[in-house]
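Here the structure is laid out as structure tokens; the discussion comes afterwards.
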Amino acid sequence: MAREGYGGGARFPYPRWVWTPFGNAWPNPRHGIMNNVVSYGIAGFVAYHVFQYSASIERRAQYPDRWIPSMLWAKEFHDPVLVAQWKERLALEGREWIEPIPSWWPFQPKASSSPSSPSSQA
């Protein structure tokens, strides 16, 4: 049985310049879903650009002993000049090159198409 008089009283005035996606002091704001979409969009935008900047300045002083996820985006595992330097250094150390994109990875880069495609041969 619900009683009247509970709930903390009437809504009190609060500063309108304070913005949160949750509606300031009130739990059911107008446009609450859109506020959350905007908030997550801004957070995603910032996270994406922080990741891009971090990946662009990433440098490895030592070659990894096993495959690591950053090999997918690190420049030094995809740039032909840097790959040649790594392979030369690994040969001196007696170690093997680890492919930056393993065969089990689901998003393989597209191979360059050959001039004769199998579909054109009968």
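No lab work stands behind these numbers, since they all come straight from the coordinates. If you're wondering where the values come from, they're calculated on a predicted model, not measured in any experiment. Virtual Cβ from ideal backbone geometry, glycine too; neighbours counted across all protein chains shown.
Give me the net charge for the shell around Y53: Cβ to Cβ below 14 angstrom, other residues only, Lys and Arg +1, Asp and Glu -1.
Result for the local shell: +1.
Say R0 is 25 Å: what FRET efficiency, to the nearest 0.05, do I68 and E88 get from their beta-carbon distance?
About 0.75, to the nearest 0.05.
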